[in-house]
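The structure appears below as structure tokens.
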Amino acid sequence: MMATSAHTIAAPARATTAAGSATLRRKQGFQHGGWFVAPFLLLFALFVIWPLLRGVYLSFTDANITGEGASFVGLDNYREALDDPLVWDSLGHSAYFTLLVVPCITVLAFLLAMLAHHIERAKWLWRLCFFAPFLLPSTVAANLWQWLFNPGTGMINHVFGTETPWLTDKSYAMLAIVITTLWWTVGFSFLLYLAALQGIPGHLYEAARLDGANAWHRMVHITLPMLRNITGLVIALQVLASLQVFDQAVVMMDFLPGPEGSTRTFVQYTLEEGFTSYRVGYASAISVIFFVIIAAVALARMWLLRNREESAR
């Protein structure tokens, strides 16, 4: 009885000692790992957190580009922004661009990934051709397509035998930017889809073939359901990126807001107010509003994803 009691008492003691050792190891690992994370945290705080807080502060002032003589104005900048028709116009242009780009780029990336996945010869060449435009800087892609859309010397009108004023007519200017964006950025989504396709188990397709399923049935009942998560990711990333469109729109329109302001995006209008009109405080207020919109879109996507995962359980 005494031996059994001693053994019973020793077991919890050993468990306590093991738990204490594990806690000590975690603390030591955190301390050592903290030194590796510290440079990133320092740069993140310096170039992200601090500018964000500084921008929020400036949005409540009438600061100009010199940073001198700024006074507190409260919510006046926000009231002006909500009553500013150019704010709503530029937001509408960004939303219109997003509605055009996101569905097209999602479908096009999927089709290109399916083609590159099933083609037999020179796979590497096809993948390189589809992904290579994404490696170009935005200014290079924009200048290239600005030349292609040029009515006099460009290739687009000559190939199709038309005289469409792509960059000088408000009916076509945004469409030209959309086409440029599709060609330039589809490679990223294509790569995501291609990686997801390669991760689908081959035995699912073999079993479907044995059951008599044709190619269309295999795509509808196997490929698309297996790509549901990656499709949600592609859509979310493209929505966030498209709402922030700036580079190609500005470069293709020679740093102007396009014909009759038809291509002025939200980010472009913010920069116009800050660096052309020198109203840094007002531009900061517009930026904060835009940040809230982007955050709301991201949170909505997370909420939808969580609900879908819970309903699937």
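The values are calculated or read from the model by the stated rules, or taken from the named source; none is laboratory data. As the structure is a prediction and not an experimental result, all values here were calculated from the model. Neighbour counts run over all protein chains shown; Cβ positions are idealised from the backbone, glycine included. Side chains are part of the model used for accessible areas, which takes the heavy atoms of the whole protein and leaves out ligands, DNA and RNA. Shrake-Rupley method; radii C 1.70, N 1.55, O 1.52, S 1.80 Å.
Within the option set Tyr96, Tyr78, being closer than 30 Å to Val186 by Cα and of a type in the set (Phe, Trp, Tyr) holds for one residue only, Tyr96. Applying the condition of being surrounded by fewer than 17 Cβ atoms within 10 Å (Cβ to Cβ) and β-branched (Val, Ile, Thr) to segment 262-310 and asking which residue is farthest from the chain's Cα centre (by Cα) yields Thr276.
Yes or no, residue by residue, for (1) assigned to a helix (DSSP H, G or I); (2) among the polar types (S, T, N, Q); (3) touching a strand residue (DSSP E or B) at 6+ places or on another chain (Cβ under 7 Å); (4) under 28 Å from Thr168 (Cβ atoms):
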| residue | (1), (2), (3), (4) |
| --- | --- |
| Leu240 | yes, no, no, no |
| Gln248 | yes, yes, no, yes |
| Phe255 | no, no, no, yes |
| Leu271 | yes, no, no, yes |
| Ala285 | yes, no, no, no |
| Leu299 | yes, no, no, no |
| Met302 | yes, no, no, no |
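One line per residue, one yes/no per condition, for (1) modelled with pLDDT of 90 or more; (2) under 21 Å from His117 (Cβ atoms):
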| site | (1), (2) |
| --- | --- |
| Asn214 | yes, yes |
| His217 | yes, yes |
| Val220 | yes, yes |
| Met226 | yes, yes |
| Asn229 | no, yes |
| Ala283 | yes, no |
| Ile293 | yes, no |
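Residues in segment 125-159 that are at pLDDT below 90 and open to solvent by 70 Å² or more (accessible area, probe 1.4 Å): Pro151, Thr153, Met155, His158, Val159.
Kindly indicate which of Leu237, Leu256 is open to solvent by 50 Å² or more (accessible area, probe 1.4 Å), touching a residue at least 24 places away in the same chain (Cβ under 8 Å) and within 30 Å of Pro137 (Cβ to Cβ).
Numbers: Leu256 fails: touching a residue at least 24 places away in the same chain (Cβ under 8 Å).
From the options Leu237, Leu256, the qualifying one is Leu237.
Can you find even one residue in segment 99-109 that is at pLDDT below 95 and surrounded by fewer than 13 Cβ atoms within 10 Å (Cβ to Cβ)?
No, the conditions are met nowhere in segment 99-109.
Beta carbons closer than 6 Å, at least 6 apart along the sequence or on distinct chains, pair a first residue in segment 193-217 that is closer than 19 Å to Ile230 by Cα with a second that is open to solvent by less than 60 Å² (accessible area, probe 1.4 Å) and of a type in the set (Phe, Trp, Tyr) for Tyr193/Phe110. Here is a list: Ala116, Ala122. Which entry is open to solvent by less than 30 Å² (accessible area, probe 1.4 Å), modelled with pLDDT under 95, farther than 28 Å from Ala283 by Cα and of a type in the set (A, V, I, L, M)? Within the list Ala116, Ala122, the selection yields Ala116. Pairs meeting the criteria (first residue in segment 62-90 and modelled with pLDDT under 90, second residue loosely packed, with under 15 Cβ neighbours inside 10 Å, beta carbons under 6 Å, at least 6 apart or on different chains) are Asn64/Tyr278; Ile65/Tyr278.
Considering segment 119-234, there are no qualifying helices (runs of 4 or more DSSP H) wholly inside with 2 or more residues that are in contact with a strand residue (DSSP E or B) (Cβ under 9 Å, 6 or more places away or on another chain).
Somewhere in segment 81-91, is a residue under 23 Å from Met226 (Cα atoms) and open to solvent by 70 Å² or more (accessible area, probe 1.4 Å)? Break it down into steps so the answer makes sense when it comes.
Residues of segment 81-91 that are under 23 Å from Met226 (Cα atoms), as a first pass: none.
For segment 81-91, residues under 23 Å from Met226 (Cα atoms) and open to solvent by 70 Å² or more (accessible area, probe 1.4 Å): absent.
Might you let me know whether segment 37-60 holds any residue that is open to solvent by less than 90 Å² (accessible area, probe 1.4 Å), at pLDDT 90 or above and among the polar types (S, T, N, Q)? Yes, because at least one residue in segment 37-60 is open to solvent by less than 90 Å² (accessible area, probe 1.4 Å), at pLDDT 90 or above and among the polar types (S, T, N, Q).
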